[in-house]
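The values are calculated or read from the model by the stated rules, or taken from the named source; none is laboratory data. All values reported here derive from a predicted model rather than from experimental measurement. In this analysis, Cβ positions are derived from the backbone assuming ideal geometry, glycine residues included, and neighbour counts consider all displayed protein chains.
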Amino acid sequence: MRPSDYPVDLDYLKRCWEQYMRAGVLDSAENESGREIDPLVLASWRRCRARLDPHSMALPVRQAKTALQTLLAQQADIITLALPHLEDICDFAAGQHLIAFLADRAGCLLAVEAHNQGRAFADSCGLRVGHYWAEDQAGTNAIALALTNAMPVQIVGPEHYVHRLHDLVTAAAPFHDIHGRVAGLIGIACPATYLSARDLPLVMATSRAVSNQLQTESLVDETLQQLTQVNTILGAVTEGVIMWDEEGRIHHCNRQAAKMFGTDTAQLLGALWNDKLIWPEELRLAVRANADVVRAESTVQLDNRRVTSLVTLRAIKGGKEQPLGYVALFRPIQQIRQLIHEQVGTEATFRLEDLASQSPPLQRVLRQAHIAARASIPVLLIGESGVGKTYLAQAIHNGGPRANRPFLSINCRAIPHELMTAELLGIERGDSRAGRPSKFELADGGTLMLNQLHYLTLELQTALLEVIDRRQLMRLGGTRPITLNVRIIATLPPNADDLVADGTIIPELYYRFGVFRFVMPPLRQRIEDIPLLVERILDRLNGDGHTVRVADDVLTVCERYPWPGNVRELESVLERALAQSRDGVIRSEHLPENVRTSRVLLDSTPIPKPVITVDEAEREAIMRAGYACNGVVTQMALELEIGRTTLWRKMKRLNISPQQFK
């Protein structure tokens, strides 16, 4: 019934019910008094007429025991939430035989509360846990109409479709979850003789209280879930995170930040952000100005521990852009260097066991390289271009404790002189921006290889000597020394002593590499290694999806050729030969003509040649004379117009043997 229908005329409702059950319609004469049946009730009667017997004495269907236990377990949270309110209703209406109940969205009773005098009445009406009071089970009642219309409803006496409920008053109001969906309903029932205009408002107020509490708990649960997710994310990120409120007190510190500063989170929580930690002035000014700072390279100190990292500061702002606190992210410099190395660094793939040799000179080098790999002092590799100095440097790096650390290779000749200092030493910026790290910093903890060391300027050679001796570096424009732990491997051509003599290399730097100084023999002096090198190169070519092998005569041809380009030239020749082969078998006819004829290829094109050193010119002249005279030293001396003794001395210095021309 509607609130406007008070006071209730039960006789009028009874006459309307009897007429509708008899004829299926209501006589308009019954409305002359200005009264009418609630349209919701009348619509429900129409739906029930085709499905239910109004005179049936059967109680509503009850859920099976096992299914009911499962349902009650699923709805345990709502039951726990609603039970105190049901008890309050019963206490409020003590002595009125009032029954308070909770139903789910399907109309199944989940909880029923009543005082002693109301228990028997509830059982007789079928108001027990597990009974379904949906419209198709119990006819017109407050539970069914409240769920159908999603609104508070009160049904009085004869308004119930089933006759056995005519002595009953039911009132129910739905409550909603946080998404606005009906989650269940709160209802009351009592004998019609105790009908009161306060029943529906009481149910509505209780339902609203349950709805508010349900939504509040949902919001709390969602907030706790989000907080758990945030804490999980902050614990999983690799950066250190420290947050403080508007009063400056630290209220969050993840494990990474505590580990960076060598403490635990409990020592920082609750402390003032600028009390425990010593911040650089530019970051303090940014916090005072409520300004953000993005990736500023800064040093923050806790007690005696100084941490250099890229710091990002973000203001946490509330309504009207008022700051509620700050969050600081610390990304360790070491992590940045590792990321840069992964993008631009050289991958050290060769190991000492990959450099097997049958040549006594190279075997001696490899034995010493095993010793050098375990140490951290500088290494100097001397040899011709293409002889394999880079491979040996990688093998030394991988053979020691730095194997899992960065390996960075720099060709000093490839860096323009005007950029060389900034590239090698880095730049320290005066503002809050991140500076440019030096190549030494990028290789920190690992190995830095400086190819063609003699192309470094004398100033940079001096800086390199400082790094080796003091293990510290000062960036351009910097005011603080940066501690380093990097191993230096450098390479020089065979005339290294001459480069020192003419002042190209600082003697102190050259002598600093004196402990491990390896002279790599050229390929023409270790012919016995050619089969091993060919096998290794073929293994790599096979890895590209090819099945490659060489004919028997190819090795014979390769062993006769002097290989002025050393291992690099051998690799290029085999790759070119493979491209010309159709069946994956490299034969002698696939080799270049100069290799097949065992003659050094002479370039006769008129294009201007690059400038070469005197030693290179002497080598080229002697090589040409050797091939022309088949290695006869006397004839070679006559062709070169120098003395035989002088020629022998030059050949010895340049590691040239007459046997290689025969």
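Going through (1) surrounded by 12 or more Cβ atoms within 10 Å (Cβ to Cβ); (2) part of a helix (DSSP H, G or I) one by one, residue 67 falls short only on (1). When the criteria are applied in full, residue 196 fails the requirement of being at pLDDT below 90, surrounded by fewer than 20 Cβ atoms within 10 Å (Cβ to Cβ) and either closer than 17 Å to residue 82 by Cα or not assigned by TED's automatic domain parsing to the domain that holds residue 160 (or both). Filtering segment 503-550 to residues that are acidic (Asp, Glu) and either outside any helix (DSSP H, G or I) or over 24 Å from residue 396 (Cβ atoms) (or both) leaves only 544.
Please determine whether any residue of segment 216-224 is in contact (Cβ under 8 Å) with a residue 60 or more places away in the chain and touching a strand residue (DSSP E or B) at 6+ places or on another chain (Cβ under 8 Å). Within segment 216-224 (the criterion being in contact (Cβ under 8 Å) with a residue 60 or more places away in the chain and touching a strand residue (DSSP E or B) at 6+ places or on another chain (Cβ under 8 Å)), the answer is no, since none of the residues qualifies. Among the residues of segment 257-273, those that are free of Cβ contacts under 8 Å to residues at least 40 places away in the same chain, surrounded by 14 or more Cβ atoms within 10 Å (Cβ to Cβ) and part of a helix (DSSP H, G or I) comprise 258, 265, 267, 268. For residue 467, the requirement of being in a helix (DSSP H, G or I) and buried (at least 19 other Cβ atoms within 10 Å of the Cβ) is met. Of the residues making up segment 188-199, those that are aliphatic (A, V, I, L, M), touching a strand residue (DSSP E or B) at 6+ places or on another chain (Cβ under 6 Å) and closer than 12 Å to residue 8 by Cβ are 192, 195.
If only residues of segment 473-502 that are touching a Phe, Trp or Tyr at 6+ places or on another chain (Cβ under 6 Å) and outside any loop (DSSP other than H, G, I, E, B) are counted, the one that is nearest to residue 436 (Cα to Cα) is 473. Just to be sure, is residue 198 more than 19 Å from residue 111 (Cα to Cα) and charged (D, E, K, R)? So residue 198 passes the test.
Would you be able to tell me the number of residues in segment 205-254 that are part of a helix (DSSP H, G or I) and crowded, with 20+ Cβ neighbours inside 10 Å? Residues in segment 205-254 being part of a helix (DSSP H, G or I) and crowded, with 20+ Cβ neighbours inside 10 Å: 6 in total. Considering only segment 538-554, state which residues are farther than 17 Å from residue 570 by Cα and either under 35 Å from the mean Cα position of the chain (by Cα) or modelled with pLDDT of 80 or more (or both). Scanning segment 538-554 gives 543, 544, 545. Hey, does segment 94-102 have a residue that's out of contact with any Cys (no Cβ under 8 Å at 6 or more places or on another chain), touching a residue at least 24 places away in the same chain (Cβ under 8 Å), of a type outside the set (Asp, Glu) and over 26 Å from residue 197 (Cα atoms)? No, segment 94-102 has no match at all. Taken together, 202, 268 contain a single residue that is on the phi < 0 side of the Ramachandran plot and out of contact with any Cys (no Cβ under 6 Å at 6 or more places or on another chain), which is 202. Kindly indicate whether any position in segment 439-460 is modelled with pLDDT under 85, under 30 Å from residue 571 (Cβ atoms) and among the polar types (S, T, N, Q). Looking through segment 439-460, none of the residues is modelled with pLDDT under 85, under 30 Å from residue 571 (Cβ atoms) and among the polar types (S, T, N, Q). Every condition in (1) under 30 Å from residue 39 (Cα atoms); (2) modelled with pLDDT of 90 or more holds for residue 125 except the one numbered (2). Every listed requirement among (1) at negative phi; (2) in contact (Cβ under 8 Å) with a residue 40 or more places away in the chain is met by residue 598 save one, (1). Sub-9 Å Cβ pairs linking a first residue in segment 186-204 that is in a loop (DSSP other than H, G, I, E, B) to a second residue that is aromatic (Phe, Trp, Tyr), at least 6 apart or interchain, are 197/6, ordered by first then second residue. A single member of 287, 293 is in contact with a Ser or Thr (Cβ under 9 Å, 6 or more places away or on another chain) and of a type in the set (Val, Ile, Thr), and it is 293.
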